[in-house]
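Okay, structure first, notes after.
Readers should treat all values here as calculations from the given coordinates under stated rules, not as data from a laboratory. Here the structure is a predicted model, which means the values were calculated and not measured. Here Cβ is always computed from backbone atoms with ideal geometry, including for glycine, and neighbour counts include all displayed protein chains.
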Amino acid sequence: MFETMRKTCLLAIALLPVVYSLSENTIDSLKKVIASGHDTARATAYMQWGQLLHLNQPDSALKLWLEASRIAEHGLAAPGLTPGMQRTYKRLFAEATNSLGFCYNNQGDISRSLKYYLIALRLCEELDDKEGLSVCLNNVGFVYANQGDTALALEYYEKSLAINRQRNDKNGIAYCLNNISQVYRNQSKYEKALEYLNECLALRQQTGDKRGIATALHNLAGIYQSQKQMDKAMDYFMKSLAMREEIKDKKGISFTAHDLGQIYFERGDMVTARKYAELSLSQAMAAGFPLNIRKAALLMSNIYKKEGDWENSFNMYELHIKMRDSINNENIRKETYKQQVRYEYEKKEALLLKENELAEARQKQQQVIIYAVSAGLGLVLLLAILIFRGYRLKRQAHMEISRQKLIIEEKQKEMVDSIHYAKRIQESLLPSEKYIERSFDRLFGKK
């Protein structure tokens, strides 16, 4: 069985320096912020406190992250938020839900784990947060890998890897390379698995990440074990275990100790096999990690069976079944499928809603344009009517003036004609000057 590393989504709003140790001063500082700070500061403090505890006190971390999630969700629903505050609350809610998904996954509660991972994924998509998005995609892929759905696991891992390569995030690239290599290992594509894993190890060594180096060494050992190269596998397992004990990684110790115990069991060395199996079970119980408990319990059951201790063998096998059912029962598989369908549906609904909003905006814009054009055309038409009416009135006036002018001219012509006519009559009635002159001559004796 393989191990895949997960990375909690640290979308930090750094109100306090986070020191990853359980120092009283750090916790006291966080408590003061929680007691008197603003909601965003309180949620951040709860997140940081949970981060301090999640490796050794996962149940306490879960409670702290649930409270951070509650505060962020409540704040996000408040009316009248500025865009900046809305984004801040959304980031906090994404961080909290991703961390809750991580915590529930470690407890074997797959349905809740996927539920919170998908909430975080949706929030990161809304925020266009590439780093958070790559982490969430990787985490969802991990859940599907554990459920045996390699196609979906690879799909999410490859999406996360593409984002991390684009961002040149070496840690993010290493996480994805490691996880993809384990999918190929389960498909018995060992050369491809080694290719991805060696690239992962090189990046871990560049960044000096001991936890990541230990995981890569463990997984390299697992591939060599699958190829029956047992000496090489033992060498890498021992190197991984030493580094994990150095950094006190309980879950990691449990993984590596189990696989070493399995090799010694197959070789017939029950004493050494029991030593590593007991170490694996104790560390898994301390970490509260059902997957490791299941594996260690099965190995212990087989060891007891080999030794003839049937009662303890049965008890360990019963524990193995209990842990197996908590992880892989059919109800969880159905719930996992429902969560994925719900996420895809909500995503499509969000896209459809956005498209509808854009369509409505375009329709409103078109309506405004139509109204504006209609109003413009109406004004032009009104202006044309007014101009035409003015033209008609002017034409009518001009025609009236012309008619009156003709009438006057006609009157004047008639008057002139009358005068001429009267003159002609007068001239016809009066004697001529020569006639008057002869009449005078005759009267006054002139001959």
Can you put Ile387, Ile303 in order, fewest other beta carbons within 10 Å first? Ile387, Ile303
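Taking a ≥ b ≥ c as the square roots of the eigenvalues of the Cα gyration tensor of region 196-306, is the shape rounded (a/c under 1.5), prolate (a/b larger than b/c) or oblate? Write out the running numbers ahead of the final one.
Values: a/c = 2.33, a/b = 1.43, b/c = 1.63.
Taking the square roots of the gyration eigenvalues as a ≥ b ≥ c, region 196-306 is oblate.
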With respect to the cross-link table entries Lys275/Lys305; Lys228/Lys305; Lys275/Lys295; Lys63/Lys90; Lys170/Lys248, which display a Cα-Cα separation exceeding 18 Å? Lys228/Lys305; Lys63/Lys90; Lys170/Lys248
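Report the gain in length on full extension from Ala286 to Lys248: 0.36 nm times residue separation, minus Cα-Cα distance, nm rounded to one decimal.
Values: separation 38, 0.36 × 38 = 13.68 nm, distance 1.19 nm.
Extra length available between Ala286 and Lys248 comes to 12.5 nm.
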Among Gln166, Leu92, Cys176, the residue whose Cα sits farthest towards the positive end of the charge dipole of region 79-221, when +1 is placed on the Cβ of each Lys and Arg and -1 on the Cβ of each Asp and Glu, is Leu92
Rank the residues Asp249, Asp128 as a footprinting-exposure proxy: fewest other Cβ atoms within 10 Å of their Cβ go first. Asp128, Asp249
HN-Hα J couplings of region 371-379 from phi, Karplus 6.51/-1.76/1.60, θ = phi - 60°, integer Hz, Gly and Pro as x? 4, 5, 5, 4, 5, x, 5, x, 5
Would you mind ranking Ser69, Ser36 so that the residue whose beta carbon has the fewest other beta carbons within 10 Å leads the list? Ser36, Ser69
Relative contact order for region 153-276: what is it in percent, counting Cα pairs under 8 Å that are at least 6 residues apart? 15 percent
